[in-house]
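K.L.:
This is the structure I have questions about; it appears just below.
The values are calculated or read from the model by the stated rules, or taken from the named source; none is laboratory data. All values reported here derive from a predicted model rather than from experimental measurement. Cβ atoms come from the backbone with ideal geometry, glycine included; neighbour counts cover every protein chain shown. Just so you know, the surface numbers come from the protein's heavy atoms only, side chains and all, with ligands and any DNA or RNA stripped out. Shrake-Rupley method; radii C 1.70, N 1.55, O 1.52, S 1.80 Å.
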Amino acid sequence: MVVKLQRPILVGGLGLSFSLWMLDSWHDSIVQVGEFGLLSALAVGGGLWLFQQNRPKDSLKQLNDMLVDRATVESAIAKTETVINQLAQESENHPALQTLREQIAQLLLELDRQEIKVAVTGGKSVGKSTLIQALKQIEIQNLVSLEETTPLFRETGGNSDAAVLAEVAKSDFVLFLTNGDLTDSEFQTLQQLKAANQPTILVFNKQDQYLADESASILLSLKQRMQGNVVATAASPIAIKVRKHEADGAVQEWMEQPTADIQQLTQHLGEVFAQQRQRLVWVTTMRKAGLLKAEAKNWLNGTRRDRAIPIIEQYQWIAAAAAFANPVPALDILATAAINAQMVMDLGNIYQQKFSLEQAQTVAGTMGSLMLKLGLVELSTKAISTVLKSNAVTFVAGGVVQGVSAAYLTRVAGLSLVEYFQQQEIAIDSGTGLNLENLRQTLQKVFQQNQQIGFLQGFVKQGVKRLLPEVQQVEVVGIQKAVG
Ligand SMILES: Nc1nc2c(ncn2[C@@H]2O[C@H](COP(=O)(O)OP(=O)(O)O)[C@@H](O)[C@H]2O)c(=O)[nH]1
Ligand SMILES: [Mg+2]
């Protein structure tokens, strides 16, 4: 302890950056000092104000960095409303409309919400309930509600963490509890919260379970990982044995429960809530508007997809028939039949991406050369002929490979366009500026999704049935014979 206590005295004589660096570790030693009840007795003196400045300001800073004001939130809500209105326009009686509209009305009211909602989360038994009890006893501030989530990181139930986080997303401030060094999943969850713009502070609870040195070094490493945004607490410190020696030599012993050590936390919360109450609510409302917009867009994409799939299927069989009737070398399939500019236009229409015929032809051409470059044409014709040969079909009529391949490539192209359009902002018209890199990735992804052998077998069967209905019958008869 003595060694550590010398640090503050050093600070004054060192360069600023070094002292700032020192502050972190210095803070830790103060915490320990506090534990031993010596703080007041020490000549920390003039340095103390520096220590005060080193309170975990980072969730405050984090909030200040979130450039959000009332107007920004209102405009986010308006954007969400646009998507909902678009859904109403395209699917008048959509079952989700009512709740979406109720939620958007709610968001406008939320802007003036007074009560701050704090979510207390973390793994099982980290002390969430205990901390809430302790905080309630000293009443951090009025108009604050504390809510404990179900524990994170339980092995059972795959997506239960996602459900917890969805719940947490509705709160204004998150206390994330841990009892020591962060596990990988704890760290990842904290990153997720950060990415979601959720003001959070990491609470290192049960620090009493460690020796002072240990807990100081844990706190230091937590701070390094969390850019300082950490406080240490002991919501319910272990009872300690007190021994009293009487004058007559008798010894009395009893257990004493130390009071909760949550002062760092309450001070921090006090500052955050005093300075940032309004902003906290805005940030939350902004997040909720974003989530609601995503939900509305999801529904919208769903209804659009329902209209897009039959169109793709239609073009798929047109392409199949054309390539079957007029077989060309496999690699030329694209050029002749597969990606129809008219399909690009039809799909674009569904997704409010208007193309002129000329633009659609460019898109079709671009997709064709991308598919060729990515090797998708070769891969699929090979896969399709393999499936055809291994099928019960004993002969493969000329043109079948070409026909089925054309259908398959049309499908991949159509689904890729759907996927690509889905990612676009709603209500931004013009489909001119095609993001090629994005399209390339989408094509690859969709191709891989439709590459499974099971899918290909089904697709080939369907194609054969379309192109050669009589072969299908032969095949069926053949199977029946084999069974009989
Ligand atoms: N030593 C110690 N134990 C604690 C502390 N906080 C909570 N506990 C104990 O940890 C256990 C789990 O606490 P609980 O609040 O139920 O955890 P929850 O599952 O996160 O709600 C209980 O036995 C608490 O008494 C603390 O700061 N120090
Ligand atoms: Mg609990």
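K.L.:
Can you tell me which residue is farthest from ligand 1 (Cβ to nearest atom) among those in the stretch 214-242 that are of a type in the set (Val, Ile, Thr) and crowded, with 22+ Cβ neighbours inside 10 Å?
P.N.:
Looking at the filtered set, the residue picked out is VAL230.
K.L.:
Here is a follow-up. Is it true that some residue in the stretch 264-273 is assigned by TED's automatic domain parsing to the domain that holds ILE84, among the aromatic types (Phe, Trp, Tyr) and in contact with a strand residue (DSSP E or B) (Cβ under 9 Å, 6 or more places away or on another chain)?
P.N.:
Yes: the stretch 264-273 contains one or more residues that are assigned by TED's automatic domain parsing to the domain that holds ILE84, among the aromatic types (Phe, Trp, Tyr) and in contact with a strand residue (DSSP E or B) (Cβ under 9 Å, 6 or more places away or on another chain).
K.L.:
Go through the stretch 441-480 residue by residue and tally those that are surrounded by 12 or more Cβ atoms within 10 Å (Cβ to Cβ), assigned to a helix (DSSP H, G or I) and at pLDDT 85 or above.
P.N.:
21
K.L.:
Quick one: which residue in VAL230, VAL203 is more than 16 Å from ligand 2 (Cβ to nearest atom) and aliphatic (A, V, I, L, M)?
P.N.:
That would be VAL230, the only listed residue that is more than 16 Å from ligand 2 (Cβ to nearest atom) and aliphatic (A, V, I, L, M).
K.L.:
If we keep just the residues of the stretch 247-266 that are away from ligand 1 (no atom under 16 Å from the Cβ) and open to solvent by 60 Å² or more (accessible area, probe 1.4 Å), which is farthest from PRO199 (Cα to Cα)?
P.N.:
So, considering only residues that are away from ligand 1 (no atom under 16 Å from the Cβ) and open to solvent by 60 Å² or more (accessible area, probe 1.4 Å), the one farthest from PRO199 (Cα to Cα) is ASP248.
K.L.:
In the set LEU108, LEU131, which member is within 16 Å of ligand 2 (Cβ to nearest atom) and not assigned by TED's automatic domain parsing to the domain that holds GLU425?
P.N.:
Of the residues listed, the single one that is within 16 Å of ligand 2 (Cβ to nearest atom) and not assigned by TED's automatic domain parsing to the domain that holds GLU425 is LEU131.
K.L.:
So THR285 fits all but one of (1) surrounded by fewer than 18 Cβ atoms within 10 Å (Cβ to Cβ); (2) in contact (Cβ under 8 Å) with a residue 24 or more places away in the chain; what number is the exception?
P.N.:
Just one mismatch for THR285, condition (1).
K.L.:
Testing ALA196 on (1) closer than 21 Å to LEU131 by Cα; (2) touching a helix residue (DSSP H, G or I) at 6+ places or on another chain (Cβ under 8 Å), one condition comes back false. Which one is that?
P.N.:
Evaluating ALA196 over (1) closer than 21 Å to LEU131 by Cα; (2) touching a helix residue (DSSP H, G or I) at 6+ places or on another chain (Cβ under 8 Å) leaves (1) as the failure.
K.L.:
For LYS293, are the conditions met, namely being basic (Lys, Arg) and without any contact (Cβ under 8 Å) to a residue 40 or more places away in the chain?
P.N.:
For LYS293, the condition - basic (Lys, Arg) and without any contact (Cβ under 8 Å) to a residue 40 or more places away in the chain - is not met.
K.L.:
Which residues, counting only those in the stretch 114-152, are crowded, with 16+ Cβ neighbours inside 10 Å, more than 12 Å from ligand 1 (Cβ to nearest atom) and among the charged types (D, E, K, R)?
P.N.:
LYS117
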